[in-house]
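Notes follow once the structure below has been shown.
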Amino acid sequence: MRCCRAGHQSRAAPSLPGATLADRSGIFLIWEPTLLEGENRAEWLDRFSACRVAFAAVTDDEFAAMESHMRLADFPEPAESWRAMGHQAGFANAEQLFMMPNRLGRTSMSRRQWLR
């Protein structure tokens, strides 16, 4: 099955040494950049740029490198889209564990129950 991201592949089941069909369940944790309701990618990127003062521990050059990466490689989605993609991949019970104080990203946990 092809993932929504260019160059990424997903399979119906993991290739784990010694895994059997009975072992094919587990927990998946993910952190992803997440759009606010009604927000688009450009607005999310602007929000990230506006958070420069919150990154006092990094130099201007380091922040510029992070911002460049975000603009080239990060494609935030609404929280519901992340849940829907996980559900389509066979993950159930998606639950948000953490939202960054600046609301730029979230950590979610999903449980996978493999079909037998």
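Here are a few things to note about the model shown:
- Among residues of segment 66-94 that are under 13 Å from ILE30 (Cβ atoms) and at pLDDT below 85, those with a beta-carbon under 7 Å from a residue that is in a strand (DSSP E or B) and of a type in the set (Lys, Arg) at least six positions away or on a different chain give the pairs PHE91/ARG111; PHE91/ARG112.
- Test: GLY105 is touching a Pro at 6+ places or on another chain (Cβ under 8 Å) and touching a residue at least 24 places away in the same chain (Cβ under 8 Å): yes
- Unmet requirement for ASN40, which otherwise passes all of (1) touching a His at 6+ places or on another chain (Cβ under 9 Å); (2) modelled with pLDDT of 50 or more: (1)
The values are calculated or read from the model by the stated rules, or taken from the named source; none is laboratory data. Values in this document were obtained by computation on a predicted structure and should not be read as measured data. Ideal geometry is used to build each Cβ from the backbone, glycine not excepted, and the neighbour counts take in all protein chains shown.
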